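The values are calculated or read from the model by the stated rules, or taken from the named source; none is laboratory data. Everything numeric in this text was worked out from a predicted model, so none of it was measured. All Cβ positions, glycine included, derive from the backbone under ideal geometry; neighbour counts span all protein chains shown. Surface accessibility is based on the protein's heavy atoms, side chains included, excluding ligands, DNA and RNA. Shrake-Rupley method; radii C 1.70, N 1.55, O 1.52, S 1.80 Å.
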Amino acid sequence: MNNLREIIFGRLTWQAFQHDPIMGGAGVFMVVALLAIMGYVTYKHKWGWLWRNWFTSLDPKKIGAMYLIVAFIMLLRGLADALMMRGQQALASGANGYLSADHFQQVFTAHGSIMIFFVAMGIVFGVINLIVPLQIGARDVAFPKLNSISFWLFAAGMIIINAPLIAGEFSTAGWLAYPPLSELQYSPGVGVDYWIWSLQIAGIGSLISSINFVVTIFKMRAPGMTLMKMPIFVWSVLGSMVLVMFAFPILTATLGMLSLGRLLGMHFFTAGGGGDAMMYVNLIWAWGHPEVYILVLPAFGIFSEVVPVFSKKKLFGYTSMVWAIAIITLLSFTVWLHHFFTMGAGADVNTFFGIMTMIIAIPTGVKVFNWIFTMWRGRVQFTTAMWWFIAFVVSFTLGGVAGVMMSVPPADFQFHNSLFLVAHFHTMIIGGVVFGAFAGFNYWFPKFFGFKLNERIGRWSVFMWVLGFLLAFTPLYILGFMGATRRLDHYDASLGWQGLFIVAAVGVGLILVGIGLQLLQVGVSIWQRKQSLDTSGDPWDGRTLEWSLPNPPAEYNFAVIPTVTERDAFWVAKHNNAQPSTDYEPIVVPENSGLGAVVGSLALVFGLAIVWHIWWLVIVTLVGVILALIISLTRDEMYTVITTDEIKQIEAAREGAAA
Amino acid sequence: MSDLIRVVDAEQATRNERKALGFWIYIMTDCVLFATLFATYAVLHGNVFGGPAGKDIFNLPFVLAETLILLTSSFTMGLATIMAAKGNRHQAYTWLAATFILGFSFLMMEISEFGSLIIDGNGPSRSAFLSSFFTLVGTHGLHITVGLLWILVMLWRFYKHGLKKQDLHRLSLLALFWHFLDVIWIFIFTIVYLMGSLS
Ligand code: HEM
Ligand SMILES: [Cu+2]
């Protein structure tokens, strides 16, 4: 009987569904929310519509929007985790707090992994999908079906990382799962497996995406748009995607080896059997350092678009910006060891990596100066997007200085694994990626919705965010100096840290107010959209091609592919009074495809099955993926053709709506 | 209507161009994956942990035979592509089938090598050296398996539809993949087997 159960359900038992009240509550909340949404969709008979218009859509604008929706929901999850940790550390002075040590460890592991893989990466891929084709004058990405597969793999990974709230427990080994703690011997449960397979599946999606966008950028630019005439955002995406191309296979291999150790008892990183744990640490950071630039380069790109538009000047030092991106891309593979100077590699090695780290700060500094020179003597409009940029400069400079401090190996022996480090990387990631995303959101919102966001509430949200952010993280720098290490679920009262932890908790409260204001900003803007309507398609007097299109762009983006002669192509066209061509040609668009959703669902079940050792299901889903791919790849490609008459009609209807 | 055909044809041509570039980039990412496994092998190959070292278990003549078989299969794959490009369907079909048989033999030999190692108690969990050996060589074997599947699908397409233009393009990508696996194997043969047997 027991044997049969094991064959059918693997390690999954009823006990797996029993949780302590906090985790159980979160799980119940998640299930109820999900059921409510599904009930609503069923009630409204919207499943067919969702499937046809969203789930199977190959339009990168829709895929991008889905990435952003997932990223936003995950941001809320990650914030809830952050709140729990801040609450715990504010309370746990000489006491145990309200979370058990084990639960606290799951929380910081989940927070870190979710924020990086499903918030930051989701934002990056979402924005890239939305903006890159528009900016290079393309109608689509190079491989629309693969794009959909990438998204659904991302979504599958997202579900797997949230599944522990319902069944089993999550990893307690931190967001990078260092061995030997993450090996079977010390983490025998399902937690680390959840972590591995969530990241593995989402990571393969990212890898596929990078190939897609590199080919898109190389092969699908509008005629005349040479590489040195591309918008800087596109350049920064190119840098970022090249990094994904070279870094993510390392992650795939490393996660693969970790799981071979756990599944088949192999010895790569184990303490016994001749394994070498530091091998893992080296490999994971050979991926991990490039990863931070993968996240921040597109954010730099967003600022490079926002600053010139709102300064009414062309970007200062375009060529140096391109070089800075190229150099950062290259050098980010030469600094990984700065994450573990304490390994004991010796003075020579540490010196080399310390110096490389300082060198990579130079092109980053060049970029900051270029933005500031762009503003200099410009007619600067302090819109919300611009305020996000200013918030970014402040926090990025602060975090950058802390980073250079840590790049000095002897000093890093003090900072390593302290809250000083935690403060540093949050200043970079929140200040860079998150503020960048918010700037981009305010900037590009009218392009997709046809009206601008409320400026006043927007400014207030920036203000509250920055205030909260400084309150939440400056104390961590100080605590780090006082010797507080990271990942503490409690500490001795005599250390006198509690005051600062309480300040940090208050800071998070203010951040929440900031987020509330952002939601309010969107709500009020929708409410009063009549007053901020934009019918021109060009609300900010923009410079790049996306602003030449009506809001929102048609499915095919460009009725006629523009010809580019200069940088800032749209700006030039506007000032030459160039009229858009109406020499329409039939347009070929790919037909919807359910392949992405099918592969994603199979990958989801595959991931869950392997976590729970349900081998028959692993085999079934694997065969399913292979069959789905074979069937879809051997089928002749399906196109829909939009005829010139239809284009004329669509474009005329849009003109009518705009007038 | 001719307008439509022209547009769709042009679209198909540019798509093939994109696919070729995309496939090259994919091959590059796979190179990075193998590089990671090679690096791991390089670090761990001395950690035998009381178990056998490379020179105790490698059977060089056997591996040499494997290598020759794989190299020949790359040659037959080349012939298949040339014949297909010439429109010689029968020859293309035959050479592709030959490639499959050679590739399949290679895979069987690898599996028998793995099997006998495991039976002797020298499986992948024996030591860090063996873990990295099995993973590196096994990952190559997994790629070969995928390649074989792909060849089967191609054979089936040729059989059913003849030499469609689109299939010729697919065949060229398959050939690229197969030659790439050949190159990786040369590295494995040299670094793992040759250097392992000599030291
Ligand atoms: C918005 C407000 C945020 C707050 C208040 C916050 C708070 C925290 C806290 C309290 C920790 C644990 C520190 C410790 O080890 O003691 C932490 C860790 C971490 N956070 Fe955040 N965080 C925020 C946003 C983010 C974002 C946006 C990201 C990335 C995109 C991020 C990535 C991480 C990572 C990677 C860790 C390390 C987890 C580990 O130790 O394994 N956080 N954060
Ligand atoms: Cu780094």
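Close contacts from the stretch B:5-16, counting a first residue that is at the interface with chain A (Cβ under 9 Å from one of its Cβ atoms) and a second that is open to solvent by 60 Å² or more (accessible area, probe 1.4 Å), with Cβ to Cβ under 7 Å and a gap of 6+ residues or different chains, come to B:VAL7/A:GLU585. Within the stretch A:91-113, the set of residues being open to solvent by less than 30 Å² (accessible area, probe 1.4 Å) and more than 10 Å from ligand 1 (Cβ to nearest atom) comprises A:ALA92, A:SER93, A:LEU99, A:HIS103, A:GLN106.
Determine whether A:VAL366 is surrounded by 14 or more Cβ atoms within 10 Å (Cβ to Cβ), assigned to a helix (DSSP H, G or I) and either more than 23 Å from the chain's Cα centre (by Cα) or within 12 Å of ligand 2 (Cβ to nearest atom) (or both). Yes, satisfied. Against the definition (touching a residue at least 24 places away in the same chain (Cβ under 8 Å), under 30 Å from A:LEU176 (Cα atoms) and among the hydrophobic types (A, V, I, L, M, F, W, C)), how does A:TRP497 come out, yes or no? Answer is yes for this residue. The set of residues in the stretch A:272-288 being under 22 Å from B:SER127 (Cα atoms), away from ligand 1 (no atom under 14 Å from the Cβ) and aliphatic (A, V, I, L, M) consists of A:ALA277, A:MET278, A:MET279, A:LEU283.
Could you check the stretch A:527-544 and list, in sequence order, the residues that are outside any loop (DSSP other than H, G, I, E, B) and either under 18 Å from A:TYR443 (Cβ atoms) or in contact with a helix residue (DSSP H, G or I) (Cβ under 6 Å, 6 or more places away or on another chain) (or both)? Across the stretch A:527-544, the qualifying residues are A:ARG529, A:SER532, A:LEU533. Based on what the data block shows, is B:THR139 in a helix (DSSP H, G or I), within 14 Å of another protein chain (Cβ to nearest Cβ), under 26 Å from A:LEU258 (Cβ atoms) and open to solvent by less than 30 Å² (accessible area, probe 1.4 Å)? Yes, satisfied.
Note on the stretch A:65-83: residues that are within 11 Å of ligand 1 (Cβ to nearest atom) and touching a residue at least 60 places away in the same chain (Cβ under 8 Å) total 4.
One line per residue, one yes/no per condition, for (1) farther than 18 Å from A:LEU283 by Cβ; (2) more than 14 Å from ligand 2 (Cβ to nearest atom); (3) open to solvent by 30 Å² or more (accessible area, probe 1.4 Å):
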{"position": "A:TRP323", "(1), (2), (3)": "yes, yes, yes"}
{"position": "A:ILE328", "(1), (2), (3)": "yes, no, no"}
{"position": "A:HIS338", "(1), (2), (3)": "no, no, yes"}
{"position": "A:VAL349", "(1), (2), (3)": "no, yes, yes"}
{"position": "A:PHE353", "(1), (2), (3)": "no, no, no"}
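Within the stretch A:273-288, the residues that satisfy the criterion of being assigned to a helix (DSSP H, G or I) and either of a type outside the set (S, T, N, Q) or touching a residue at least 60 places away in the same chain (Cβ under 8 Å) (or both) are A:ALA277, A:MET278, A:MET279, A:TYR280, A:VAL281, A:LEU283, A:ILE284, A:TRP285, A:ALA286, A:TRP287, A:GLY288. In the stretch A:182-196, is there at least one residue being open to solvent by less than 10 Å² (accessible area, probe 1.4 Å) and without any contact (Cβ under 8 Å) to a residue 40 or more places away in the chain? Checked the stretch A:182-196: no residue is open to solvent by less than 10 Å² (accessible area, probe 1.4 Å) and without any contact (Cβ under 8 Å) to a residue 40 or more places away in the chain.
Of all the listed residues (A:ILE136, A:ILE123, A:ILE131), the sole one being touching an Asp or Glu at 6+ places or on another chain (Cβ under 8 Å), under 30 Å from A:TRP444 (Cβ atoms) and either of a type in the set (A, V, I, L, M, F, W, C) or buried (at least 22 other Cβ atoms within 10 Å of the Cβ) (or both) is A:ILE131.
Number of residues in the stretch A:545-563 that are hydroxyl-bearing (Ser, Thr, Tyr), open to solvent by 10 Å² or more (accessible area, probe 1.4 Å) and part of a loop (DSSP other than H, G, I, E, B) equals 1. When every residue of the stretch B:148-168 is checked against the conditions, at least one turns out to be without any contact (Cβ under 8 Å) to a residue 12 or more places away in the chain, within 13 Å of chain A (Cβ to nearest Cβ) and not in a helix (DSSP H, G or I).
Within the stretch B:23-34, residues that are facing chain A (nearest Cβ under 7 Å) sit with their Cβ atoms under 6 Å from residues that are open to solvent by 10 Å² or more (accessible area, probe 1.4 Å) and of a type in the set (Phe, Trp, Tyr), at 6+ positions apart or across chains, in these pairs: B:VAL32/A:PHE246.
The numbered conditions (1) within 16 Å of ligand 1 (Cβ to nearest atom); (2) in a loop (DSSP other than H, G, I, E, B); (3) of a type in the set (D, E, K, R) are all true for A:GLU291 except (2). For the residues A:VAL132, A:VAL119, the requirement of being under 30 Å from A:ARG487 (Cα atoms), modelled with pLDDT of 95 or more and in a helix (DSSP H, G or I) singles out A:VAL119. Of all residue pairs spaced 6 or more apart or on separate chains, those with beta-carbon atoms under 6 Å, a first member in the stretch B:185-199 that is over 16 Å from B:LEU33 (Cβ atoms) and a second member that is in a helix (DSSP H, G or I) and open to solvent by less than 70 Å² (accessible area, probe 1.4 Å) are B:PHE189/B:THR67; B:TYR193/B:VAL63; B:GLY196/B:GLY54; B:SER197/B:LEU60.
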